[in-house]
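Take a look at the structure set out below.
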Amino acid sequence: MKKWLFILSIPLVAAGLVVAVMSMHKYKTYGEQAAATRAMEAVKPAAPKPVPSKNVVIYFSPHADDEVLTMGVPLINDIRAGKEVYLVLMSPGSHSFARERINGAYDIESNRAELAGKKLKDNLYKSYHDPYKEHYKDGWLTRKEFGDARLREFYLAAAAFGIPKDRIRVYNVVNDNFLYSQVRAIMASYAKKFPDATFKTMSRYDVHPDHAMCGRVMDDLFREHIVKHWVAYLSITTDRIMKVKVPGSQMVVLRNPADKAILLRACKAYNIWKPTEGLYAIGYHSVPIEFDMLMKKPYTKKVPL
Ligand SMILES: [Zn+2]
C-alpha cells in the first residue's frame, strides 16, 4: 500500500468504527425504547381511561330500551350541551317474555317452563312465529341469543344518539332479580373513577323492582357522599301507564325540538324486524305502548331527590 493511501485510510477506518459503535448504541437505544413501549402498552388498560370531570354524565340504563324510553330526552339534551355522555347497561334483559312470542312457543328456558312446547301468538304481528320457516339468523332464540340480539338493538340506539362504543359498558346483572350488592358494586366503581360526574338513572319510586333498585342504590351513594351529583327519572311505565304521582316532579323536554328526529331514530333501533339478519324488534315486542307514547310526546319526568 502506498504511504499516502495508508495515511488516508486511518481516518476512514476510525470513522467507520465510530459509525459502527454509534449504530450499536442506536440499536441498543431502539431496543430499549421498543421494550419500554411494549411494557407501556401492556399496562395500558384496554378500556379508555376515564377522565374525572364535571362535564361527564353517566347514564345507568337498567335494561336495553330504558335509555331511550325514559332517559332519551335528557340524554340528547346532555349531548347537545357538549357533555361527555357515558352509557352503562346493567342487564341485557334476556329473561323478557318477548322471547316466547318471537320464538312462537315456550321452551324449557321459559319463566313458565311447564308450558314448554305450547305455542304462543305474537300480539304485535298477529301471528305465530316459526324461527326455522322464517329463517331467523339465530334459529330458535335461546335466552343467551335473545340477550345478544337485544344488545344489538341497544348498540344501534346508542349509535343513533351518537355515543361512541368506547363510552358504553354492558353488565350482566340478571333482569327481574337486581341485587343491591351487585348494583352498588357497579355504580360505586364509576363514582370512584368519575368523582365529579353527574349520575343519572331511575328513581326509587319506580314500579319495576330493577329500576327501583338502581334508584335506591344511587340514593344511598349520594347520602354517603360517594356520589356528588345525581338525577332520578320516573320511568315512562311508572309515570304514564301506572300514573304514579311523585310530588315535586318536573317535566323534561327536548331543548332543541328538532332533536326529536334523533329520538325517533333511537326508538326505531328497537323496532327493526329483519330476523334473517338477527334483528327481531325485541324492544317493540316488549313495550310497544311505551314506544308509541314517547314518539307522540317526547318528555320524561325528573323526581326530587
Ligand atoms: Zn327497564
Projected area, mean over directions - the stretch 56-303, Cα convex hull, nm²
13.1 nm²
Greater than 29 Å separation of Cα atoms is the criterion. Which listed pairs, Lys121/Lys200; Lys165/Lys193; Lys126/Lys302; Lys83/Lys144, meet it?
Lys121/Lys200; Lys126/Lys302; Lys83/Lys144
Which Cα, out of Ile76, Ala64, Thr237, lies furthest along the positive dipole direction of the stretch 56-303 (beta carbon charges, K/R +1, D/E -1)?
Ile76
Thinking of the stretch 189-305 as a set of Cα atoms, what percent of all their pairs are more than 20 Å apart?
53 percent
Binning every alpha carbon pair distance of the stretch 247-305 at 10 Å from zero, what are the percents per bin?
21, 40, 29, 9, 2
Cα-based reach from Lys119 at 20 Å (exclusive), listing aspartates and glutamates while leaving out same-chain residues under 8 positions away:
Glu100, Asp107, Glu109, Asp130, Glu134, Asp138, Glu145
What is the ratio of the Cα radius of gyration of the stretch 78-163 to 2.2 N^0.38 Å, where N is its residue count, to two decimals?
1.35
Looking at Phe178, Leu151, Phe194, which one has the Cα that reaches farthest to the positive end of the dipole of the stretch 141-216 (charges on Cβ: Lys, Arg +1; Asp, Glu -1)?
Phe194
Using the Cα gyration tensor of the stretch 193-250, with a ≥ b ≥ c the square roots of its eigenvalues, what is the shape: rounded (a/c below 1.5), prolate (a/b larger than b/c) or oblate (neither)?
prolate
Calculate the dipole size of the stretch 56-303 relative to its Cα centre from +1 charges on Lys and Arg beta carbons and -1 charges on Asp and Glu beta carbons; express the result in debye to the nearest 20.
560 debye
Can you put Lys243, Lys54 in order of Cβ neighbours within 10 angstrom, beginning with the fewest?
Lys243, Lys54
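None of the figures in this text is laboratory data; all of them are computed from the coordinates on show. Nothing here was measured: the structure is a model prediction, and the numbers come from that model. Positions of Cβ are generated from backbone atoms using ideal geometry, with glycine treated the same way; all protein chains shown enter the neighbour counts.
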